[in-house]
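Just below is one structure, and these are the notes that go with it.
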Amino acid sequence: LNKLNLGCGNRFHDDWVNVDFVSHSPLVKQHNLLKGIPFKDHSFDVVYHSHVLEHFTKNDGKKLIDNCFSVLKNHGIIRIAVPDLESIVKNYLIELQKGWENKTHANPNYDWMLLELFDQTVRNEYGGEIKKILGKTNLENEQFIFNRIGEEARHIRNSFLQNRQSPKKSSLFLSLLHKLFQNNLENWTIGKFRKSGEIHQWMYDKYSLKQLLESVGFTGFKIQSAFTSQIHDWNLYELDSKDGIIFKPDSIFVEAQKII
Ligand SMILES: C[S@@+](CC[C@H](N)C(=O)[O-])C[C@H]1O[C@@H](n2cnc3c(N)ncnc32)[C@H](O)[C@@H]1O
């Protein structure tokens, strides 16, 4: 089977063709997916992307899904994982109610759910507010956060705690540039960051994913778990889970088929 993993980040397998605009491995083809998918139509049996679609605007996301349809062979399968807006909103409402009823105490879980909703969309610098929270020495709702976004958060937290650095001094040249072009430089820095692929530009749930997939021609929409799939030997590739641990438990996992 010819299998394609788009926006793979550090999660790729050598049985797959892997693509990302940041590549640190010869196994990952460097390419900006906003420019399309760099392969001929009808060349893959499987296209997969995890936590990539939400980094595209709604329009560009539709183009991405349309391009996935084109590169798939007839009977090919698309598998998508994205943060599940429905689960985020449900948890937000639960924590809102708890916070409201318990008026004397702050509810850090409520604060966290707000971050899941907004931080990756509104941030203008790497890591945003989530980085600040995960880097706190005393994190009272650590387990809640790890349950929400997975063991990956533990790694991020450990690396933040280990790599605490004092702010770098900027060079004389940069300070001069800052003085001369302060506003332009700030706009440029924010613009560059916001186009770097880190921020979320849209969010999805089962309903909008089904509509999106069907709008470009996919059929047989199915909600899966991290462990279930129509892709043969899915768990062998360890893309959504390893040893029973789900990498991104805040996800909805869906599949659909191209049948023409
Ligand atoms: C949140 S990470 C997910 C990585 C991996 N799929 C996973 O599930 O762990 C999003 C990835 O999409 C990549 N990405 C975002 N926009 C992209 C684009 N326009 N072209 C190619 N890759 C892109 C980023 O570089 C990043 O590696």
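The values are calculated or read from the model by the stated rules, or taken from the named source; none is laboratory data. Note that the structure is a prediction, hence the values are computed from the model and not measured. For neighbour counting, all protein chains shown are included, and Cβ atoms are generated from backbone atoms with ideal geometry for every residue, glycine included. Only protein heavy atoms, including side chains, enter the accessible area calculation; ligands, DNA and RNA are left aside. Shrake-Rupley method; radii C 1.70, N 1.55, O 1.52, S 1.80 Å.
Among the residues making up the range 192-226, those that are within 16 Å of the ligand (Cβ to nearest atom), open to solvent by less than 30 Å² (accessible area, probe 1.4 Å) and out of contact with any strand residue (DSSP E or B) (no Cβ under 9 Å at 6 or more places or on another chain) are 193, 199. Taking residues in the range 61-89 that are over 16 Å from residue 38 (Cα atoms) and without any contact (Cβ under 8 Å) to a residue 24 or more places away in the chain, and partners anywhere that are open to solvent by 10 Å² or more (accessible area, probe 1.4 Å) and hydroxyl-bearing (Ser, Thr, Tyr), not one pair has Cβ atoms closer than 8 Å while being at least 6 places apart or on different chains. Pairing each residue of the range 227-244 that is surrounded by 12 or more Cβ atoms within 10 Å (Cβ to Cβ) with any residue that is of a type in the set (Lys, Arg) and modelled with pLDDT of 95 or more, provided the two are 6+ apart or on different chains, yields C-beta distances under 6 Å for 239/11.
Just one of the listed residues (166, 159) is at pLDDT below 90, open to solvent by less than 100 Å² (accessible area, probe 1.4 Å) and not in a loop (DSSP other than H, G, I, E, B), and it is 159. Taking the condition under 25 Å from residue 253 (Cα atoms) and touching a residue at least 24 places away in the same chain (Cβ under 8 Å), does residue 211 pass? Here the answer is no, as residue 211 does not meet what is asked.
Within the range 93-130, track down each residue that is over 24 Å from residue 204 (Cβ atoms) and of a type in the set (Lys, Arg). Within the range 93-130, 98, 103 meet the criteria.
For the range 185-204, the condition holds for no residue, the condition being that it is closer than 18 Å to residue 67 by Cα, of a type in the set (A, V, I, L, M) and in a loop (DSSP other than H, G, I, E, B). Scanning the range 110-134 for residues that are open to solvent by less than 40 Å² (accessible area, probe 1.4 Å) and modelled with pLDDT of 95 or more, we see that the one that is farthest from residue 152 (Cα to Cα) is 123. Only residues that are free of Cβ contacts under 8 Å to residues at least 12 places away in the same chain and touching a Leu at 6+ places or on another chain (Cβ under 7 Å) were counted across the range 1-49, and they come to 0.
Can you list the strands (runs of 3 or more DSSP E) lying wholly within the range 1-103 that have 3 or more residues being surrounded by 20 or more Cβ atoms within 10 Å (Cβ to Cβ)?
Working: elements: 3-6, 17-20, 28-30, 44-50, 72-83.
Because the criterion is at least 3 residues that are surrounded by 20 or more Cβ atoms within 10 Å (Cβ to Cβ), the strands (runs of 3 or more DSSP E) in the range 1-103 that meet it are 3-6, 17-20, 44-50, 72-83.
Within the option set 80, 65, being within 16 Å of the ligand (Cβ to nearest atom) and either basic (Lys, Arg) or in contact with a strand residue (DSSP E or B) (Cβ under 7 Å, 6 or more places away or on another chain) (or both) holds for one residue only, 80. Every condition in (1) in contact with a helix residue (DSSP H, G or I) (Cβ under 6 Å, 6 or more places away or on another chain); (2) acidic (Asp, Glu); (3) within 24 Å of residue 214 (Cβ to Cβ) is met by residue 95 except one, and the failing one is (3).
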